[in-house]
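Accompanying notes for the structure given below.
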Amino acid sequence: MALLVVRGPIFHSAGDEIAFFGWVRKIGAVQRVNNRGRDLEIHVRPGRVSADELRELRAAFHRYAMDTSDLEGLGQEG
């Protein structure tokens, strides 16, 4: 399992936070996601992340104004 640690978004309401975590947890490649202060720990299953899964992660990051450069290596073998 790969661990991706990224700067988390700023949530504007409790519902906003619930929506974000619900979205990310529905992505098949994501095994677990946890808050660690201002950071998020995203546990990604071993192996290649599919193009659709990567697109969903990028969409969530973009919607919540997060830096998508941390996702660059996820579509690679390894």
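Every read-out reported here was derived from the displayed coordinates using simple, explicitly stated rules and does not represent laboratory data. Keep in mind that this is a model prediction, so the values were computed, not measured. Here Cβ is always computed from backbone atoms with ideal geometry, including for glycine, and neighbour counts include all displayed protein chains.
Kindly indicate the residue of segment 1-41 that is among the small types (Gly, Ala, Ser) and surrounded by 11 or more Cβ atoms within 10 Å (Cβ to Cβ) and also farthest from Leu71 (Cα to Cα) among those meeting that condition. Here the answer is Ala19.
With respect to (1) outside any strand (DSSP E or B); (2) without any contact (Cβ under 8 Å) to a residue 24 or more places away in the chain; (3) surrounded by 15 or more Cβ atoms within 10 Å (Cβ to Cβ), the lone exception for Val49 is condition (2). Within the option set Glu53, Glu41, Glu72, being more than 14 Å from Ala2 (Cα to Cα) and either charged (D, E, K, R) or touching a helix residue (DSSP H, G or I) at 6+ places or on another chain (Cβ under 6 Å) (or both) holds for one residue only, Glu53. Cβ separations smaller than 7 Å between residues 6+ apart or across chains give the following pairs from segment 56-77 residues that are part of a helix (DSSP H, G or I) to residues that are of a type in the set (Gly, Ala, Ser): Gly75/Ala51.
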